[in-house]
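The values are calculated or read from the model by the stated rules, or taken from the named source; none is laboratory data. Predicted model only: the values in this text are computed from it and were never measured. Heads up, the Cβs are rebuilt from the backbone with ideal geometry, glycines too, and the neighbour counts pull from every protein chain shown.
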Amino acid sequence: MSKEMTRDNHSNSSATHQIHFIARSRLLVLLCLFSAVLFGHTTEGHGAYNTLAEAYQAAGFDPCDPNCYVFAGASDCHYKYTETNPARPFIDEINAMNPLPEFLLITGDIITSASTNMGNIPTESKKTSALAEYQMAKADLDRLLVPYELTLGNHDSYPYETPFGDLFHSAFVDRSLYKSFDFSGIHFILLHAHACGNIKDIDPAQWQWLLNDMASVPPEQVVICAQHYPWVGANVEHGVSRVMTGLFPNHTGNVWMLCGHDHPFRERVYALPNTTIVEHCMGESRATNTNADRGYFIYCLKDAAVLTRIWREYDVGYHVCSPPDRSSPEPILEPFEDVANILFRLLVGVDDDNRTSPYLVYTGSNPRDCTVFWNAPQELIYRFPLREIQGDADSFVILAGEQLKTYPYCHVYVSNDNSTWTELSIPTAVKNCYTFLIPEALLAEPDLYVRFLNTNRRWDGPHIGGLAILGTISPASDFDMN
């Protein structure tokens, strides 16, 4: 059996170097094990192996077996024009592997400056920096002795970039923003989630391509998806979750989602209708950030499946990862999960366009528009036309992250005239849905204004994904935007 990709011309190379690493002290090994428990991953007995060869042996995997295959996975290189070669250490290590992996897959945040905070539009100066960072990254990646594949993250592009991937293509001219290929009996899908994790609604062409691609995949085949955002189970940042549930309605083979963004290494297992999907967040490959799980992964494949994974943790060694437990998967939450009696729903970026919304009154000076949610906005004001809604409203819901309740600088107000405001106490969320009673004095007014305010002018705060009006539904209602 030859080691080849059936949909890409990936070539094999060889190297003769062997990497040897010195283990840390016992204390650091214990800290590593504690970190594994904390972030939802484990190693099989041994804290860390000094060499990749030892880790292969412990895992019972022979990379020289003609039926065995290896690829490397990494994320969040974060090239920055003020730094030098943040990804060079792992590029040198991959080039020294013996045998070499078949390819390297990087799941986004290749650079930093295209959008320094998720949802920010770059200045011309930042665009210039981004172009320089892409050139730096390409120069390093072209040193690899193996092919490489890339997906884009929130620092690699920005909301409403036209055309999408324009900055990226300044360096990686012939690279597709999304693609698929078969390798070792596994189907790989590389997704372009745009600047903020939204796939389906902002890019109909990609969604149609995905449906056509999956139509040719046998339902029992293992599928490995790759994109930047670890939001398979999220209902606030609902772009990725809605794609995953729509893409695999009848699939029975195991599904993986390789991603980054959250710099700790972690994994979670979610339920699809007839199988499960493992969301594997691979940490940060940039060696210079000591406040993250730093390293990369070696995926070991055999018999058209993922046999094991080895985590190369910088300055520590090689961990053999335990297989994910698919027996008790978490549900993938829907927006407004289990919320009854919705009279009016506004799902950000789906039910209207943030740039032209007739309901969005004010966004502040830096709204961090992520197209399908707001990233830690400083202020938002929405207007709901109560008089036009068919039904008797009594409450409203904000779909938001847990920081809406836990972050002390968050406030929610209501008004009938966008001038005189009444602050409401923030309730406890149920599945990220915060339900507020509308003050009785406002129920008879034609409009209800809802204001979110973050009095801390930093980027911290909740993501906000939508709002809804609840009440007694009229049988004649035709205003629900579902």
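Here are some notes:
- Yes/no for Leu301 being among the aliphatic types (A, V, I, L, M) and assigned by TED's automatic domain parsing to the domain that holds Asp182: yes
- The listed residue being of a type in the set (A, V, I, L, M, F, W, C) and either surrounded by fewer than 21 Cβ atoms within 10 Å (Cβ to Cβ) or modelled with pLDDT of 85 or more (or both), out of Phe265, Phe183: Phe183
- Check on Asp140, closer than 27 Å to Val306 by Cα, outside any loop (DSSP other than H, G, I, E, B), over 22 Å from the mean Cα position of the chain (by Cα) and not assigned by TED's automatic domain parsing to the domain that holds Val372: no
- Those residues of the stretch 71-106 which are within 30 Å of Phe373 (Cα to Cα), of a type outside the set (A, V, I, L, M, F, W, C) and in contact with a Phe, Trp or Tyr (Cβ under 9 Å, 6 or more places away or on another chain), in sequence order: Gly73, Ser75, Tyr79
- Any hit, the stretch 100-108, residues being of a type in the set (Val, Ile, Thr) and surrounded by fewer than 23 Cβ atoms within 10 Å (Cβ to Cβ): no
- Under the condition of being within 21 Å of the chain's Cα centre (by Cα) and either at pLDDT 90 or above or outside the structural domain of Cys225 (by TED's automatic domain parsing) (or both), the residues counted in the stretch 84-120 number 12.
- Restricting Asp303, Asp315 to those that are at pLDDT 95 or above and surrounded by fewer than 17 Cβ atoms within 10 Å (Cβ to Cβ) reduces the list to Asp303.
- Among the residues here, Thr472 does not qualify as in a loop (DSSP other than H, G, I, E, B), surrounded by fewer than 14 Cβ atoms within 10 Å (Cβ to Cβ) and more than 28 Å from the chain's Cα centre (by Cα).
- Among residues that are in a loop (DSSP other than H, G, I, E, B) and surrounded by fewer than 21 Cβ atoms within 10 Å (Cβ to Cβ), Thr245 is not included.
- Out of Cys225, Cys196, sole residue that is buried (at least 24 other Cβ atoms within 10 Å of the Cβ) and at pLDDT 95 or above: Cys225
- Flag for Glu124 being over 25 Å from Met257 (Cα atoms) and modelled with pLDDT of 90 or more: yes
- Selection from the stretch 353-392 of residues that are free of Cβ contacts under 8 Å to residues at least 40 places away in the same chain and of a type in the set (Asp, Glu): Asp353
- Selected residue (criterion: modelled with the highest pLDDT) from residues of the stretch 66-83 that are touching a helix residue (DSSP H, G or I) at 6+ places or on another chain (Cβ under 8 Å) and part of a loop (DSSP other than H, G, I, E, B): Cys77
- Among strands (runs of 3 or more DSSP E) entirely within the stretch 417-469, having at least 2 residues that are free of Cβ contacts under 8 Å to residues at least 60 places away in the same chain and among the hydrophobic types (A, V, I, L, M, F, W, C) singles out 433-437.
- Taking the criterion of being β-branched (Val, Ile, Thr) and more than 30 Å from Ala96 (Cα to Cα), the residues of the stretch 309-346 that qualify are Ile332, Val339, Ile342.
- Output for the stretch 93-114, where each listed residue is part of a loop (DSSP other than H, G, I, E, B) and either under 18 Å from Glu149 (Cβ atoms) or touching an Asp or Glu at 6+ places or on another chain (Cβ under 8 Å) (or both): Met97, Leu100, Pro101, Glu102, Phe103, Gly108, Asp109, Ile110, Thr112, Ser113, Ala114
- For the stretch 418-463, filtered to residues that are in contact with a Cys (Cβ under 9 Å, 6 or more places away or on another chain) and either surrounded by 20 or more Cβ atoms within 10 Å (Cβ to Cβ) or under 23 Å from Glu337 (Cα atoms) (or both), the residue that is modelled with the lowest pLDDT is Gly461.
- Taken as a whole, the structure leaves Leu399 outside the set of residues that are in contact with a Ser or Thr (Cβ under 7 Å, 6 or more places away or on another chain), at pLDDT 95 or above and crowded, with 16+ Cβ neighbours inside 10 Å.
So that you can scan it fast, the table gives a plain yes or no per residue for (1) buried (at least 24 other Cβ atoms within 10 Å of the Cβ); (2) modelled with pLDDT of 95 or more; (3) out of contact with any helix residue (DSSP H, G or I) (no Cβ under 7 Å at 6 or more places or on another chain):
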{"residue": "Ala139", "(1), (2), (3)": "no, no, yes"}
{"residue": "Pro147", "(1), (2), (3)": "no, yes, yes"}
{"residue": "Leu152", "(1), (2), (3)": "yes, no, no"}
{"residue": "His192", "(1), (2), (3)": "no, no, no"}
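- Evaluated against (1) touching a residue at least 40 places away in the same chain (Cβ under 8 Å); (2) more than 23 Å from Thr371 (Cα to Cα); (3) of a type in the set (Gly, Ala, Ser), Gly253 falls short on exactly one condition, (1).
- Selected residue (only one of Leu258, Leu333 is more than 21 Å from Leu141 (Cβ to Cβ) and among the hydrophobic types (A, V, I, L, M, F, W, C)): Leu333
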